[in-house]
Amino acid sequence: MRVADLRRVAWPGAGALAAAAALVAPGGAAGAYAPTLAVELGSTEPEVAPPLTTTTTQSPGESATRSVRIRYPPQFGFNPSFAVAGCAPAQEQMGSCPEASRIGTARVQTPLANFSGEVHFTTDFRLVIFLRDATGLIQQKVVGTFHLLEDGSREVVFDNLPDVPSSFSQVALEGGSRGILLNPRTCGTYSVWAQFESHAGEVATSEPSVEIAGCRTGPRITGLRVRPQRFPPTGGSSGNEKGGATVAWSLSETADRTDISLQRRTPESWRQLKIWRGPGDAGRNELRLTGRLRGRALPPDGYRVVLRALGPDGATSSSRASRFRILPTE
């Protein structure tokens, strides 16, 4: 299987697999429908394909889950070193996917029996989990399909799950060349979003978070300010050059450059208008703001600049922002 082929797939990460194995309760005393998903990374280092363990739990008496959606944020990417030969359709139909297609294991607890099995990757870019009881006489296959969302998030959907109770399911995926998911390159806390729908039509969500740590330390930005904070664009109706402002900041060490993003306030958030490459000298740096963009004066409104310094070894600083307001031209 070629890496180029795999890159066409929307990769979800392994949290969805645990949810896929959640064959949860159809009967018993009614309870609030509230499945939860936990995600544990075997390595929290940036840009590695970690071993990943996911666990889905549900209280006895809740409705059985019919479908599950698991979504990883766009900062998680596809592992370019993924090297797993997919399970062929004939092998899948026989329930005998080869060891070369295995990417993890699963186990599920139900009132009927405890089940365990293997997670396989198929040649047509699906996930297949074969669950068997201790005798090997009972088998359940669960299939996941992938979707790439407009914002770059990866989502996997497991639908038409059986109406069978389960309070616990866990999937352990391997990392390295058998790991599908690649950790974000930037350290921080990231949320994984899960939506469960029961056979009774109830809907519940779960949002576990994972921490990426161990990033290289980049330059630090301090003393960021825009002066003045309220100003008209240069070149008003009188034709003079009064107006504009100066963006000033300091760097703790020399950087390759400082990226400066100009953003305008919207009712919902901030909209990026332009990115400049500014200086990266250790100590004080400056950039002139004219209040004009592409030859036109910016409309009177609230704006901000967001700065991030990029070090020579690829390490980046934390982002810093400073707000200002554009006034009407003269």
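Computed from the coordinates by the stated procedures, all read-outs in this text should not be read as laboratory data. In this text the structure is predicted, and so the values were computed from the model without any measurement. Counting neighbours? That spans all protein chains shown, and the Cβs are built from the backbone with ideal geometry, glycine included.
Go ahead and run the numbers for FRET between S81 and R288, Cβ-Cβ distance against an R0 of 51 Å, rounding to 0.05. Before the final figure, lay out the partial values.
On the way: r = 45 Å, r/R0 = 0.88.
Efficiency for this residue pair is about 0.70.
Hey, can you grab everything whose amide H is under 5 Å from the amide H of L298? Only 5+ residues off in sequence or another chain; H modelled, so Pro and N-termini drop out.
R292, L293
Based on the alpha-carbon set only, what is the convex hull volume of the chain divided per residue, in Å³?
Cα-based convex hull of the chain, divided per residue, equals 155 Å³.
Give or take rounding to whole Å, what are the principal axis extents of the alpha carbon atoms in segment 221-326, in descending order?
For segment 221-326, the Cα spread along each principal axis is 46, 33, 22 Å.
Let me know the charge dipole size of segment 3-212 about its Cα centre in debye, to the nearest 20, where only the beta-carbon of Lys, Arg (+1) and Asp, Glu (-1) is charged.
It comes to approximately 280 debye.
Using the Karplus equation 6.51 cos²θ - 1.76 cosθ + 1.60 (θ = phi - 60°), what ³J(HN,Hα) coupling, rounded to whole Hz, does each residue of segment 185-193 give in order, writing x for Gly and Pro?
7, 10, 5, x, 9, 10, 9, 9, 9
For a Förster distance of 45 Å, can you work out the FRET efficiency between the beta-carbons of A248 and L148, rounded to the nearest 0.05? Intermediate results must be reported in sequence, preceding the final value.
Working: r = 41 Å, r/R0 = 0.92.
My answer for the efficiency is 0.60.
Output the peptides 145-151, 170-176 sorted from most to least packed, where packing is the average of other Cβ atoms within 10 Å over each peptide's residues.
Highest-to-lowest ranking by the protection proxy: 170-176, 145-151.
What longest region of the chain stays clear of trypsin sites (Lys or Arg not before Pro) that DSSP places outside H, G, I, E and B and that have at most 10 other Cβ atoms within 10 Å?
Working: sites that count: R2, R8, R294.
Counting at most 10 other Cβ atoms within 10 Å as exposed, the longest clean stretch of the chain is 9-293.
Can you run phi through the Karplus equation (6.51, -1.76, 1.60; θ = phi - 60°) for segment 94-102 and list ³J(HN,Hα) in whole Hz, with x for Gly and Pro?
7, x, 10, 5, x, 4, 5, 9, 6
Place +1 on the Cβ of every Lys and Arg and -1 on the Cβ of every Asp and Glu in the chain, take the dipole about the Cα centre, and give the residue among A113, L127, P98 whose Cα lies farthest towards its positive end.
Comparing the listed Cα positions along the dipole, L127 ranks first.
To the nearest 0.05, how large is the calculated FRET efficiency for K141 and S191 if R₀ is 30 Å and r is the Cβ-Cβ distance?
The computed FRET efficiency comes out at 0.50.
Return, ordered by residue number, the residues of segment 188-225 whose backbone nitrogen is under 18 Å from a label point located 7 Å along Cα→Cβ of Q109.
Residues passing the 18 Å test: none.
Could you please state, rounded to a whole Å, how far the C-alpha centre of segment 102-125 is from the C-alpha centre of segment 174-209?
18 Å
For a label point 7 Å from the Cα of E202 along Cα→C-beta, name the residues of segment 146-188 whose backbone N is under 14 Å from it.
Backbone N within reach: 165-167.
So who's got an amide H within less than 5 Å of the one on H199, skipping anything under 5 residues away but keeping other chains? H placed 1.01 Å off N, in plane.
Residues meeting the amide H criterion: A64, T65, R66.
Using amide H atoms built 1.01 Å from N in the peptide plane, name the residues 5+ places from L327, or on other chains, whose amide H lies under 5 Å from its own.
So L327 has HN proximity to F231.
Going toward the positive end of the dipole of segment 221-326, with +1 on Lys and Arg Cβ and -1 on Asp and Glu Cβ, which of G280, G235, T246 do you reach last?
G235
Tell me, what ³J(HN,Hα) does each residue in segment 224-229 have, in order and in whole Hz, if you take phi through Karplus 6.51 cos²θ - 1.76 cosθ + 1.60 with θ = phi - 60° and put x for Gly and Pro?
5, 7, 10, 10, x, 7
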